[in-house]
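S.K.: Below is the structure I would like to discuss, written out as structure tokens.
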Amino acid sequence: MKKHIQILVLFFTTSLCITNAQTKFDTDYGNNNAVGKYVLLNGAKIYYEEYGKGEPLLLIHGCGGNIKTMENQIDFFKKKYRVIIADNRGQGKSELKTDSLTYPQITKDWEALVNHLKLDSISILGWSDGGIVGLEMGINNKTKIKKIVAMGANLRPDATAVNSWAPDQVKQERAIAKEMKAKGDNSRNWSLDLQLFGLLLDQPNINSLDLKKITASVLIMVGDRDIIKNEHAVEIFNNLPKGQLCIMPGTDHGVPQNNPVLFNAIVNRFLTEPFNYAKQ
């Protein structure tokens with residue numbers, strides 16, 4: 001069972017176990033009663049927190065994560081922006097309220113939260129699933145988006161986009177989850193795990209040509225030892241009208257958490273400076 005939990009953490013969030021980590025911040029991000037709120041969006045109660053002042057910056061976490069997963073980004077960017085971060089549907093403190101979780105559903109929840117908060121214009125920093133959601137929000141164009149940072153995002157779940165070792169291990173974990181659910185085991189919410197596995201193994205399904213609909217400036221980021229293949233990151237970049245690409249050396253899918261100084265500096269530069277193509 002311990003091995004099972006470790007693999008879940010690896011693919012759902014990062015290579016670090018956030019549940020066992022000691023917080024290094026004075027604020028208990030993700031459990032801050034002073035600022036935490038619930039709002040009913042598309043039939044589910046979604047939990048979110050806000051920090052800082054200035055232009056709105058949405059932080060969107062990865063599969064199986066929660067607000068606390070991105071505490072390094074909250075603490076850094078709240079000094080510069082109005083940071084808004086939520087527990088995605090079925091994760092953290094937010095309700096699931098579906099038996100078929102999809103990226104379009106999570107995207108609709110975020111679009112509804114933007115409308116609820118009456119945000120005229122936003123930027124987005126998304127990690128893993130959050131990067132996928134950020135790209136989908138850009139494609140949908142239902143709100144004005146200035147800039148999108150998509151870290152470790154993919155357009156499809158197949159071998160052209162994802163390194164094979166990742167889905168192979170997740171498939172093993174899905175088999176375990178099905179077996180445990182069939183046995184009536186109550187040690188975990190296996191039904192939720194199976195839906196999250198479905199996100200990883202069967203989704204997303206974004207046509208690369210749809211990326212051309214994104215009017216915002218976009219920074220595509222991956223680690224050079226990421227779950228996402230480097231060549232897939234290049235494919236995404238090549239289809240963006242206003243794209244930049246950053247493949248970080250010596251890093252993996254967990255870089256926002258295991259090397260936040262590097263990650264935040266790159267993101268901050270992109271968000272702060274006017275978008276332009278490489279100077280000749």
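No lab work stands behind these numbers, since they all come straight from the coordinates. Values in this document were obtained by computation on a predicted structure and should not be read as measured data. Note that we place each Cβ from the backbone using ideal geometry, even for glycine, and neighbour counts take in every protein chain shown.
S.K.: With the Cα gyration tensor of the stretch 186-256 giving a ≥ b ≥ c as the square roots of its eigenvalues, does the rule (a/c under 1.5 for rounded; else a/b larger than b/c for prolate; else oblate) give rounded, prolate or oblate?
M.R.: oblate
S.K.: Hey, another quick one. Lys/Arg Cβ at +1, Asp/Glu Cβ at -1, dipole of the chain taken about the Cα centre: which of Asn31, Leu117, Gly223 is farthest positive-ward?
M.R.: Of the listed residues, the answer is Leu117.
S.K.: Only four residue types carry charge here, +1 at the Cβ of Lys and Arg and -1 at the Cβ of Asp and Glu. Report the dipole size of the stretch 204-280 about the Cα centre in Debye, rounded to the nearest 20.
M.R.: It comes to approximately 260 debye.
S.K.: Right, here's the next one. What distance in nm separates the simple spin-label points at Glu231 and Ala175, each placed 7 Å from Cα in the Cβ direction?
M.R.: 2.8 nm
S.K.: Which value, in debye to the nearest 20, describes the size of the charge dipole of the chain about its Cα centre when Lys and Arg Cβ atoms bear +1, Asp and Glu Cβ atoms bear -1, and nothing else is charged?
M.R.: 460 debye
S.K.: Label 7 Å along Cα→Cβ of Asn42; the stretch 190-210 residues with amide nitrogen under 19 Å?
M.R.: 192-207
S.K.: Right, something else. Calculate, in nm to one decimal, what Asn189 and Asp28 gain on full extension: separation in residues at 0.36 nm each, minus their alpha carbon distance.
M.R.: Working it through step by step, the gained length comes to 55.5 nm.
S.K.: Around Asn141, under 15 Å between beta carbons, what's the net of Lys plus Arg minus Asp minus Glu among the other residues?
M.R.: Once positives and negatives cancel, what remains is +4.
S.K.: Also, quick follow-up: Taking square-rooted eigenvalues a ≥ b ≥ c of the alpha carbon gyration tensor, is the chain rounded, prolate or oblate, where a/c under 1.5 means rounded and, failing that, a/b exceeding b/c means prolate?
M.R.: rounded
S.K.: Oh, and also: Which percentage, to the nearest 5, of the DSSP beta bridges contained in the chain is antiparallel?
M.R.: Bridges in the chain are about 30 percent antiparallel.
S.K.: Using only the Cα atoms of the stretch 84-157, build the gyration tensor, take square roots of its eigenvalues as a ≥ b ≥ c, and label the shape rounded, prolate or oblate: rounded if a/c is under 1.5, else prolate if a/b is larger than b/c, else oblate.
M.R.: Oblate, because a/c is 1.5 or more while a/b does not exceed b/c.
S.K.: Let me ask something else about it. How charged is the neighbourhood of Leu271? Take every other residue with its Cβ under 12 Å from the Cβ of Leu271, and add Lys/Arg as +1 and Asp/Glu as -1.
M.R.: Within the 12 Å Cβ shell, the charges total +2.
S.K.: Grab the other residues whose beta carbon is less than 10 angstrom from that of Met248, score K and R as +1, D and E as -1, and report the net.
M.R.: Result for the neighbourhood of Met248: -2.
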